[in-house]
Amino acid sequence: SQTSGVAWNAFIGCTDSGVTSTRCQITDQPHWKSDDCVTIAFFDPAYISVNENGYCSFGYNDKGVVVFEPTGDCDYSDAVINGDYGVKGQLTPGGVLELLFTSDGGDSFYNEDDVRLALNAAA
């Protein structure tokens with residue numbers, strides 16, 4: 001488990017409207033992007049599982065990585081346009097969410113040596 005890495009701004013949450021099934025999302029909007037340039041990954045809670053340490057994770061089970069979609073007015077990379085930009089994450093025992101990103105559909109993770117760390121803003 002990593003104890004250091006690059007801080008990353010994101011919204012991660014799940015909602016249940018009572019009308020439709022629960023839907024989760026992670027919004028990728030690093031500080032260098034404009035407000036109208038975001039990518040959002042919508043995913044079913046079945047992507048969420050418990051890792052070998054007993055902590056929540058997503059993108060690690062047989063569902064695979066969570067894939068982002070272009071949702072704003074932005075010059076998106078080919079990886080986003082082709083559905084190859086994705087993420088997986090797992091909580092550490094210290095409560096930090098480690099995020100790994102892929103631009104090739106999950107064959108490799110380009111920030112494996114520089115894990116993005118998402119802290120709980122509500123804590």
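The values are calculated or read from the model by the stated rules, or taken from the named source; none is laboratory data. This structure is a prediction, so every number in the text was calculated from the model and none was measured. All Cβ positions, glycine included, derive from the backbone under ideal geometry; neighbour counts span all protein chains shown. Quick note on the areas: whole protein, heavy atoms, side chains included, nothing else; ligands and nucleic acids left out. Shrake-Rupley method; radii C 1.70, N 1.55, O 1.52, S 1.80 Å.
Across region 40-55, what is the number of residues that are free of Cβ contacts under 8 Å to residues at least 40 places away in the same chain, closer than 17 Å to Leu91 by Cα and open to solvent by 50 Å² or more (accessible area, probe 1.4 Å)?
6
Where the second residue is of a type outside the set (Ser, Thr, Tyr) and in a helix (DSSP H, G or I) and the first is touching a residue at least 40 places away in the same chain (Cβ under 8 Å) and open to solvent by less than 60 Å² (accessible area, probe 1.4 Å) and lies in region 56-83, which pairs have Cβ atoms under 7 Å and are six or more apart or on separate chains?
Close Cβ pairs satisfying both conditions: Phe68/Val80.
Quick check on my filter: what residues within region 52-69 are part of a strand (DSSP E or B) and among the hydroxyl-bearing types (Ser, Thr, Tyr)?
Of everything in region 52-69, just one residue is part of a strand (DSSP E or B) and among the hydroxyl-bearing types (Ser, Thr, Tyr), namely Ser57.
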